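Encoded as structure tokens, the structure appears first; notes follow it.
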Amino acid sequence: MKSITVGITGASGSVYAQKLLARLNASSDVARIDLVISQAGARVVSEELGLNVAGTDRRVVRELLGEDSEKVAVHSANDIGASIASGSYLSDAMVIVPCSMSTLGAVANGVSRDLIHRAADVILKESRPLVLVPRETPLNVIHLENMLKLARSGVRIIPAMPSFYHHPQTIDDLVEHFIHRLLDHLGVSHEQLTRWEGSRKRGSRE
Ligand SMILES: Cc1cc2nc3c(=O)[nH]c(=O)nc-3n(C[C@H](O)[C@H](O)[C@H](O)COP(=O)(O)O)c2cc1C
């Protein structure tokens, strides 16, 4: 049973965070989810999903999941003394989804200005899986250099770039397929119906 840390920062794509949380919460592989939302993250969630996730009370979980869940602990981004700020806390993996270029830059340069940065720094120093889901376009040289630095440190950079080869019919299809990739990298099992099996095999099914 895994313990996963989820950071939500102020990049566009909060629907990915919402969907991932739902899948982690429903997974029998996952015992605990530590959730941290930056101030900008809460603002973008409000803009994009119309949900109020400011604060750390249970309402945050109800807003994102539609119900409360004992699995999810919500931490304040200002609480630099929270459990996940220490390497002695056994989080199996961390994902920052979506990941702003600001947070990406902080993690790339070892700057821990809030709990999301610190938790990511700890995951890195403990050599545990860290997944970042950046979203920005176009990318400048600083963004690219920071991503290269992180990739060289073993961080999995999985940009919020939906794919189309699985013939999505709805935005939900796009998001769902992307979430499956994140679950793969977090080591959380799932049943993915759109896993690519090769074009010839696919053609033979049709
Ligand atoms: C509606 C909205 C959308 C934004 N989209 C992005 C984005 O896609 N990528 C990005 O890097 N920053 C984006 N930003 C800017 C970040 O929120 C800003 O840099 C913020 O300081 C990030 O702080 P954080 O990393 O602590 O969440 C957006 C801001 C707003 C208000």
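Readers should treat all values here as calculations from the given coordinates under stated rules, not as data from a laboratory. Note that this is a predicted model, so its numbers are computed, not measured. Virtual Cβ from ideal backbone geometry, glycine too; neighbours counted across all protein chains shown.
Before moving on, here are some points about what is shown:
- In this structure, the amide hydrogen of residue 79, modeled 1.01 Å from its nitrogen in the peptide plane, lies closer than 5 angstrom to those of 115, counting only residues at least 5 positions away or on a different chain.
- For a label point 7 Å along the Cα-to-beta-carbon line of residue 128, residues of the range 32-74 with backbone N under 20 Å: 32-38, 70-74
- Difference of contour (0.36 nm per residue) and Cα-Cα distance, residue 102 to residue 1: 33.2 nm
- In range of the label at residue 31: residues from the range 67-97 whose backbone nitrogen is under 19 Å from the point 7 Å along Cα→Cβ: 69-74, 83-95
- Virtual spin-label span in nm between residue 140 and residue 70, 7 Å along Cα→Cβ: 4.9
- On the beta carbon distance between residue 59 and residue 149, with R0 = 41 Å, the FRET formula returns roughly 0.65.
- Exposure proxy ranking for 103, 170, based on other Cβ atoms within 10 angstrom of each Cβ and starting from the fewest, stands as 170, 103.
- Note on residue 157 and residue 169: the model spin-label points, each 7 Å out from Cα along the C-beta direction, lie 3.6 nm apart.
- Backbone HN-Hα couplings from phi across the range 115-123 [Karplus 6.51/-1.76/1.60, Hz, Gly and Pro as x]: 5, 5, 4, 5, 4, 5, 4, 5, 4
- For the range 14-115, the list of GluC sites (Glu not before Pro) that fall in a loop by DSSP and count at most 15 other C-beta atoms within 10 angstrom reads 67, 70.
- Vicinal HN-Hα couplings computed from phi for the range 82-99 (Karplus, 6.51 cos²θ - 1.76 cosθ + 1.60; Hz; Gly/Pro x): 5, 3, 6, 7, 10, x, 6, 7, 8, 8, 6, 6, 9, 10, 10, 9, x, 10
- ³J(HN,Hα), Karplus 6.51/-1.76/1.60, whole Hz, each residue of the range 63-76, x for Gly, Pro: 4, 7, 9, x, 7, 7, 8, 5, 5, 9, 9, 9, 10, 6
- Structure-based [θ]222 nm, the chain - -39500 (n - 2.57) summed over DSSP H runs of at least 4, per residue, nearest 500: -12500 deg cm²/dmol
- For the chain, modelled as a GNM whose springs connect Cα atoms under 10 angstrom apart, the maximal fluctuation among 115, 49, 186 occurs at 49.
- Check: the range 2-205 dipole with +1 on Lys, Arg Cβ and -1 on Asp, Glu Cβ, in debye: 600
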